[in-house]
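The values are calculated or read from the model by the stated rules, or taken from the named source; none is laboratory data. Since the structure is predicted, the reported quantities are computational estimates derived from the model, not experimental observations. Heads up, the Cβs are rebuilt from the backbone with ideal geometry, glycines too, and the neighbour counts pull from every protein chain shown.
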Amino acid sequence: MTEYDVAPSPSMQVVHDGPRQAPPLLLIHGSGAAGASWNLLMPALAGRHHVIRVDLPGHGRSPAAPSYEVTAQADRVARVLDDLGLRDVAVAGHSSGGWIGTALAERRPELVRSLTLISSGTSVDALLPQPLVIRLLLSPPLGPLLWSIRSDGLIRRAAAATAVRPVRIPDDMVAALRNVTYRTMRTVLRRNTEYLAERDLPERVDALEVPVLVICGDADPRWDPASVSRYATVPGVRVAVLPGVGHLSILEAPDAVGRLLLDFTAAGRV
């Protein structure tokens with residue numbers, strides 16, 4: 001059963017799936033997306049977890065925030081878990097959601113049982129040239145105009161631009177994307193870059209004391225897939241590379257991602 005719950009954190013929509021007594025699993029979406037981007041994984045995940053999905057500020061049904069630093073986003077997510085009375089939570093983030101999950105583990109380690117990074121770029125220098133439709137939407141002076149007149153078709157095309165397999169962008173994901181403003185998106189992307197530029201992800205993960213799973217597609221057009229080799233020197237990190245999968249693995253290969261995530265979260269739990 002899916003429950004929509006804004007009471008614990010008025011500034012952020014929280015969606016619950018699965019039984020409340022099951023082990024908690026927090027899912028954090030990437031920039032420009034929303035909790036709806038995880039929809040295809042819900043049948044599998046909600047059968048074994050109390051799944052908590054958030055719409056980050058300025059995304060989906062959540063109002064804008066005064067700042068979008070990765071650490072500030074992590075602190076807001078921590079307040080959601082505090083309000084729900086949850087500790088020892090398995091955390092998974094897609095794309096930049098993985099950086100917020102990492103920051104959460106850095107700042108509030110008692111909240112995080114394990115961390116899964118899905119298509120989360122390792123460092124600024126691993127960023128690849130973005131697809132043309134995304135560059136047009138985000139680059140001034142044309143970007144603000146195109147953003148303001150986006151059709152559903154253009155939103156779907158932009159959302160699917162980093163996939164290499166055919167994907168269907170769900171209607172509720174399109175609605176969530178429409179609610180993100182140009183200014184919010186640009187600000188979020190700048191703050192994300194600042195977080196990675198300060199310290200790359202493998203270095204941050206190396207300092208954590210929680211199990212970490214890294215999932216990436218070997219055809220990701222957003223981040224250099226070869227950069228995942230940087231985790232080779234980080235003890236205890238598991239890496240799963242999905243063949244023929246792009247950046248949107250949670251839409252391109254939801255069954256594979258779901259299996260990996262469930263196996264990982266089950267490991268070590270009595």
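For (1) assigned to a helix (DSSP H, G or I); (2) of a type in the set (A, V, I, L, M, F, W, C); (3) surrounded by fewer than 18 Cβ atoms within 10 Å (Cβ to Cβ), each residue gets a yes or a no:
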{"site": "L146", "(1), (2), (3)": "yes, yes, yes"}
{"site": "G153", "(1), (2), (3)": "yes, no, yes"}
{"site": "A163", "(1), (2), (3)": "no, yes, no"}
{"site": "L177", "(1), (2), (3)": "yes, yes, no"}
{"site": "R186", "(1), (2), (3)": "yes, no, yes"}
Next item on the list: Pairs only if they're at least six apart or on different chains, beta carbon under 6 angstrom, first in the range 85-102 and free of Cβ contacts under 8 Å to residues at least 24 places away in the same chain, second buried (at least 24 other Cβ atoms within 10 Å of the Cβ) and not in a helix (DSSP H, G or I); list them, first residue then second.
Entry: none
Check: Which one of these is over 17 Å from S119 (Cβ atoms), of a type outside the set (D, E, K, R) and modelled with pLDDT under 95: P63, P24?
Finding: P63
Notebook entry, point to check: Tell me, which residue of the range 15-34 that is in contact with a Leu (Cβ under 8 Å, 6 or more places away or on another chain) and without any contact (Cβ under 8 Å) to a residue 40 or more places away in the chain is surrounded by the most Cβ atoms within 10 Å (Cβ to Cβ)?
Noted result: D17
Margin query: Can you report the number of residues in the range 91-134 which are touching a Phe, Trp or Tyr at 6+ places or on another chain (Cβ under 6 Å) and part of a helix (DSSP H, G or I)?
Written below: 2
Note to self: I'd like to check something: does the range 243-253 contain any residue that is among the aliphatic types (A, V, I, L, M) and more than 18 Å from the chain's Cα centre (by Cα)?
What the structure shows: no
Note to self: Take A74 and tell me if it is free of Cβ contacts under 8 Å to residues at least 40 places away in the same chain, closer than 23 Å to I215 by Cβ, in contact with a Leu (Cβ under 8 Å, 6 or more places away or on another chain) and not in a loop (DSSP other than H, G, I, E, B).
What the structure shows: yes
Note to self: I'd like to know if the range 42-58 contains one or more residues that are surrounded by 21 or more Cβ atoms within 10 Å (Cβ to Cβ), assigned to a strand (DSSP E or B) and either more than 12 Å from the chain's Cα centre (by Cα) or touching a residue at least 60 places away in the same chain (Cβ under 8 Å) (or both).
What the structure shows: yes
Notebook entry, point to check: In the range 206-254, which residues are surrounded by 14 or more Cβ atoms within 10 Å (Cβ to Cβ), under 21 Å from W38 (Cα atoms) and not hydrophobic (A, V, I, L, M, F, W, C)?
Noted result: G217, D218, D220, P221, R222, G246, H247, S249, E252, P254
